[in-house]
Amino acid sequence: MPLKILDHGSREYKHMIDLRYQILRKPLGLEFNEEDLKKEESDILIGAYEDEEMLGCCLLTAVSKNNVRLRQMAVKPGLQGKGIGRALMHFAENISRDRGYKKISMHARKSAVGFYEKQGYIVVGEEFEEVTIPHYVMEKSL
């Protein structure tokens, strides 16, 4: 399963937006707007593929010199539990380390906390609501 960094605005990026919309936004009745997508120009955009089909994706946003935030992790329905999310996480962590970051943080959906804990992330702070559903801040030192 190839994993690669995508270029903002590319055909692959458009596939990433669609996958994220179908899995993360549409079920909540939310859309992406141009401002949201414009902010991703300097993010590290990551896709997991089988042939030309995107199986999963995530992105990394710089928070500070030492901290990067994992965002918008999505794996196609029916493929969860097949190692795609874990592979995306390892790839994102290696890229972050290579670029000098010391920590990855995220706003994890409550329903995904167990997955991230298995990857070595810890909950820091109390539950909060974001995009209408419960989340936790989670972190991992690299």
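Each reported figure results from applying straightforward, stated rules to the coordinates on display, with no laboratory input. On a predicted model such as this, the values are computed, not experimentally measured, just so you know. Positions of Cβ are generated from backbone atoms using ideal geometry, with glycine treated the same way; all protein chains shown enter the neighbour counts.
Per residue, the average separation of C-alpha pairs within less than 8 Å and at least 6 apart gives the range 3-141 a relative contact order of 19 percent. In the range 35-82, one over the average inverse separation of all distinct C-alpha pairs is 12.1 Å, which is the Kirkwood hydrodynamic radius. Placing unit charges on each Cβ (+1 for Lys and Arg, -1 for Asp and Glu) gives the range 73-142 a dipole about its Cα centre, and among Ser141, Ile84, Gly114 the Cα reaching farthest toward its positive end belongs to Ile84. When the chain is treated as a Gaussian network with alpha carbon springs shorter than 10 Å, the biggest mean-square fluctuation among Leu45, Leu30, Leu59 belongs to Leu30. Note on Lys65: aspartates and glutamates with a C-alpha under 19 Å away, same-chain residues under 8 apart excluded, are Glu40, Glu41, Asp43, Glu93, Asp98, Glu139. From helices alone, the chain scores -7000 deg cm²/dmol at 222 nm; the rule is -39500 (n - 2.57) for each run of n ≥ 4 DSSP H residues, then divide by the residue total. For the range 89-141, trypsin sites (Lys or Arg not before Pro) meeting the loop criterion (DSSP other than H, G, I, E, B) and having at most 15 other Cβ atoms within 10 Å: Arg99, Lys102. Note on the chain: Kirkwood radius taken over Cα pairs, Stokes-Einstein applied at 4 °C and 1.567 mPa s, translational D equal to 84 µm² s⁻¹.
Exceedance of the 21 Å cut-off in Cα-Cα distance is limited, within the set Lys26/Lys76; Lys4/Lys76; Lys26/Lys110; Lys14/Lys39; Lys110/Lys140; Lys14/Lys82, to Lys14/Lys82.
The distance linking the range 123-142 with the range 14-60 is 20 Å (Cα centroid to Cα centroid, whole angstrom).
Largest GNM mean-square fluctuation among Gly47, Gly56, Gly29, using the chain with Cα springs under 10 Å: Gly29.
Using the beta-carbon distance between His107 and Lys14 and R0 = 22 Å, what value does 1/(1 + (r/R0)^6) give for FRET efficiency, to the nearest 0.05? My answer for the efficiency is 0.35.
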